[in-house]
Amino acid sequence: MVISIIGLLAGLGLPAINGAIKAGKKAEVSAMAESIKVAVNAFYAEYSAYPSNTSGKTDADFLALMSTTNTTGVSAQNTRGIAFLEAPPKFTNANGIVTPKGFGTGQSNFFVLIDKGGLGYVNPKLVSSTLTNTNVASSVAVWAMEKPTNQTAVGTFK
């Protein structure tokens, strides 16, 4: 009898634990997206220009530009050698700044969309057609797509 009650309680508790872990991963990704956004805005405050990131993602070049004090190569835009972003190891790999393991079905880069034209908004749907978010009132938007559906964005806009 006691064993069956323990089994019943464990069966009820596991889905709740799984949901809490998933919510924690989303919060972690959202916090990293906000850190990337703050770093891009700090770059703008320092140089009066946004970093040129032609891929629109947090690739290895973006990581080198925003997080190292090296002023050669790709990081030549950062002439003062300021580290604008400190990314924890679980958010980095050879591809740049990525989502941590356990978020969706694998690690992927964050999207970075910058309003370089001074419109006062960005349109994430232009970058990722599966999104429904259009005209987000922000100069910088950063997000990651939650796999496997690629329809839910986790980041700096709702």
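Quick look at the values:
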{"read-out": "Subset of segment 37-63 (residues that are touching a Phe, Trp or Tyr at 6+ places or on another chain (Cβ under 6 Å) and in a helix (DSSP H, G or I))", "value": "Ala39, Ala42, Phe43, Tyr44"}
{"read-out": "Neighbours by Cβ (under 9 Å, 6+ apart or cross-chain): first from segment 15-31, touching a residue at least 12 places away in the same chain (Cβ under 8 Å); second open to solvent by 60 Å² or more (accessible area, probe 1.4 Å) and in a helix (DSSP H, G or I)", "value": "Glu28/Lys90"}
{"read-out": "Flag if Thr69 is touching a residue at least 12 places away in the same chain (Cβ under 8 Å) and buried (at least 16 other Cβ atoms within 10 Å of the Cβ)", "value": "no"}
{"read-out": "In segment 27-62, the residues that are farther than 22 Å from Thr79 by Cα and surrounded by fewer than 18 Cβ atoms within 10 Å (Cβ to Cβ)", "value": "Ala27, Ser30, Ala31, Glu34"}
{"read-out": "When residues of segment 8-26 are limited to those that are of a type outside the set (A, V, I, L, M, F, W, C) and surrounded by 10 or more Cβ atoms within 10 Å (Cβ to Cβ), the one farthest from Phe103 (Cα to Cα)", "value": "Gly13"}
{"read-out": "Qualifying positions in segment 122-154 - at pLDDT 85 or above and open to solvent by 30 Å² or more (accessible area, probe 1.4 Å)", "value": "Ser139"}
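The values are calculated or read from the model by the stated rules, or taken from the named source; none is laboratory data. Just so it is clear, the model here is predicted, and its values are computed rather than measured. Note: ideal-geometry Cβ built from the backbone for every residue, glycine included; neighbour counts use all protein chains shown. We work out accessible area using only protein heavy atoms, side chains counted, and drop any ligands, DNA or RNA first. Shrake-Rupley method; radii C 1.70, N 1.55, O 1.52, S 1.80 Å.
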